[in-house]
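Engineer: This is the structure, below, for whatever I ask next.
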């Protein structure tokens with residue numbers, strides 16, 4: 001494995017004009033990231049007059065920061081195809097182009113996901129052997145976080161693409177945590193080998209026989225995702241997005257119930273005051289901004305999507321994650337592993353017929 005790069009030698013591009021909060025929140029996020037230890041140089045991309053006035057902001061004044069002017073802004077409701085035609089003067093396009101030109105090691109954007117994916121795919125292309133990019137998510141578990149992918153980019157996939165997602169997710173988790181052999185599982189309707197449809201069974205066969213170095217544990221169910229025993233959960237974008245939105249809604253509901261219970265009467269409020277340190281710890285664990293920043297895996301360069309409505313602390317989290325990933329050779333690892341698996345997979349026998357076994 002290649003050594004990690006010196007973070008001070010890196011430059012991270014920030015698409016400063018996209019997202020719901022505007023450039024001021026992006027600047028605040030950059031400042032907070034520096035306060036939290038960001039070492040990489042920053043390339044702020046957007047309207048120069050706005051960004052020049054903002055860079056006098058505390059931490060940015062003493063940090064290496066460059067500005068690239070880009071007048072256009074991609075609207076959050078812009079259709080991807082329309083954005084490709086109309087928005088090549090935008091901060092999003094210019095920020096991605098800085099990665100293409102080798103000026104930066106990665107880009108962070110709070111902008112329109114579809115437009116970001118389309119522009120990044122056109123400019124950066126795909127890693128050789130990857131058919132489609134995947135959107136990953138960090139999912140809270142009882143002992144940390146798991147990587148779940150895809151969570152929305154690919155509604156329909158084939159077995160080969162699930163294998164690609166598994167390889168990309170494994171490399172991503174290793175880059176995030178340093179864990180040498182993350183546990184990888186395919187999301188299914190049951191753990192037994194005969195469960196599920198032909199597509200997912202074929203993906204499991206290829207992973208077992210063509211990637212023996214992977215710590216592939218087989219099929220996992222929805223209730224295993226947060227259990228802590230699985231590091232990378234692989235699924236199609238349709239299933240992954242529904243699972244993610246269901247979990248987010250459940251978390252909000254539980255949060256509302258806890259708040260209601262702790263403010264129901266004077267005795268509950270007094271108890272809440274005594275529990276405040278523990279409640280603050282719980283709030284930190286449940287704060288989505290702490291895991292903000294999802295790389296679009298499979299591209300020939302590092303593009304990290306921040307939530308469109310992210311506030312400064314969420315943008316800071318995305319910047320720090322981008323710096324960590326940019327310093328790690330995980331994109332090269334993905335390409336190398338894919339080449340080896342593809343060669344071995346040619347001799348793997350998979351099912352031809354379409355069949356499925358339902359959950360019990």
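Engineer: Find the helices (runs of 4 or more DSSP H) located wholly in the stretch 32-137 whose residues include 3 or more that are in contact with a strand residue (DSSP E or B) (Cβ under 7 Å, 6 or more places away or on another chain), and list them. First the steps, then the outcome.
Structural biologist: On the way: elements: 48-54, 58-61, 80-86, 91-100, 113-124.
The qualifying helices (runs of 4 or more DSSP H) are 48-54, 91-100, 113-124.
Engineer: Please state which of the following conditions residue 206 fails to meet, knowing it meets all the rest: (1) closer than 30 Å to residue 351 by Cβ; (2) within 27 Å of the chain's Cα centre (by Cα); (3) surrounded by fewer than 20 Cβ atoms within 10 Å (Cβ to Cβ); (4) touching a residue at least 60 places away in the same chain (Cβ under 8 Å).
Structural biologist: (3)
Engineer: Checking the conditions here, which among 246, 239 is modelled with pLDDT under 90 and assigned by TED's automatic domain parsing to the domain that holds residue 199?
Structural biologist: Working: 239 fails: modelled with pLDDT under 90.
None of the others qualify; the one that does is 246.
Engineer: If we keep just the residues of the stretch 320-346 that are in contact (Cβ under 8 Å) with a residue 40 or more places away in the chain and part of a loop (DSSP other than H, G, I, E, B), which is surrounded by the fewest Cβ atoms within 10 Å (Cβ to Cβ)?
Structural biologist: 329
Listed here are the residues, each with its yes/no results for (1) in contact with a helix residue (DSSP H, G or I) (Cβ under 6 Å, 6 or more places away or on another chain); (2) within 26 Å of residue 76 (Cα to Cα); (3) assigned by TED's automatic domain parsing to the domain that holds residue 340; (4) surrounded by fewer than 24 Cβ atoms within 10 Å (Cβ to Cβ).
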residue	(1), (2), (3), (4)
106	yes, yes, no, no
109	yes, yes, no, no
117	no, yes, no, yes
130	yes, no, yes, yes
135	no, yes, yes, yes
139	no, yes, yes, yes
157	no, no, yes, no
169	no, no, yes, no
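Engineer: Can we say residue 183 is assigned by TED's automatic domain parsing to the domain that holds residue 90 and touching a strand residue (DSSP E or B) at 6+ places or on another chain (Cβ under 9 Å)? Walk me through how you get there before you give the answer.
Structural biologist: Working: assigned by TED's automatic domain parsing to the domain that holds residue 90: no; touching a strand residue (DSSP E or B) at 6+ places or on another chain (Cβ under 9 Å): yes.
Criteria not met by residue 183.
Engineer: Of the residues 197, 215, 188, 223, which is in contact with a strand residue (DSSP E or B) (Cβ under 7 Å, 6 or more places away or on another chain) and modelled with pLDDT under 90? Steps first, answer last, please.
Structural biologist: Working: 215 fails: modelled with pLDDT under 90; 188 fails: modelled with pLDDT under 90; 223 fails: in contact with a strand residue (DSSP E or B) (Cβ under 7 Å, 6 or more places away or on another chain).
Unique residue meeting the criteria: 197.
Engineer: Moving on to the next point. Just give me the residues in the stretch 171-203 being over 28 Å from residue 326 (Cβ atoms) and surrounded by 18 or more Cβ atoms within 10 Å (Cβ to Cβ), in sequence order. Steps first, please.
Structural biologist: The initial filter retains those residues of the stretch 171-203 that are over 28 Å from residue 326 (Cβ atoms), namely 186-203.
Hits for the stretch 171-203 are 186, 187, 188, 195, 196, 199, 200, 201, 202, 203.
The values are calculated or read from the model by the stated rules, or taken from the named source; none is laboratory data. Since we're looking at a predicted model, the values are computed, not measured. Positions of Cβ are generated from backbone atoms using ideal geometry, with glycine treated the same way; all protein chains shown enter the neighbour counts.
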